[in-house]
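Q: Here it is, the structure in full.
Each reported figure results from applying straightforward, stated rules to the coordinates on display, with no laboratory input. Just so it is clear, the model here is predicted, and its values are computed rather than measured. Cβ placement follows ideal geometry from the backbone for every residue including glycine, while neighbour counts extend to all protein chains displayed.
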Amino acid sequence: MKITTRLVKMTSLLPLTASFILLLATSSNAQEEDEFEGLAPGIGQEEVLIYCSACHSTRIVQQQGMKRSGWEETLEWMVEDQGMSEIDEPDLALILDYLSKHYNVDRPNFPGKK
Ligand code: HEC
């Protein structure tokens, strides 16, 4: 008898608990995204934010999935046609390594994908 009553009480609380957890999860996510615009954590994250958010959101970067060669070409295109200053080493290698690791053709960090 007692057990049944407790069960009923717990079940009625469940939706509330679930939405509370969801709220916690989304607010901590939002904080991380603010700091690095949602860029995947890793070596080179800071450099990408600094160099690539000067003209556009890094979302435009995160939506892409390319191999290293593709990223190389994209950066050449940024320099030749979009007015980006050439990036010197060692930052260039850091950025290319970061992009081809976290934003490759398999798109492991495509925005919104979980
Ligand atoms: C000097 C300004 C400038 C900087 C700095 C810059 N970009 Fe861009 N980028 C542009 C412009 C302008 C466009 C839009 C070009 C268009 O769509 O015609 C663009 C577009 C892009 C695109 C979208 C390409 C597509 O097919 O839609 C990617 C990816 C990109 N940039 C990557 C980068 C990365 C990575 C960096 C940092 C290393 C960077 N950009 C830094 C100016 C810049």
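Q: Sort largest first and round to whole Å: the equivalent ellipsoid semi-axes of region 40-114, each the square root of five times a Cα gyration tensor eigenvalue.
A: 19, 13, 12
Q: Packing-wise, with mean Cβ within 10 Å as the measure, how do 79-90, 53-64 rank, highest first?
A: 53-64, 79-90
Q: Using a Förster distance of 25 angstrom, determine the FRET efficiency expected from the C-beta separation of Glu86 and Glu35, and round it to 0.05.
A: 0.40
Q: On full extension of the chain, what length is gained from Thr74 through Glu46, given 0.36 nm per residue of separation minus the C-alpha to C-alpha distance?
A: 8.2 nm
Q: Work through the residues other than Arg68 whose Cβ is under 13 Å from its Cβ and net out their charges, Lys, Arg +1 and Asp, Glu -1.
A: Taking every Cβ under 13 Å from that of Arg68, the sum is -2.
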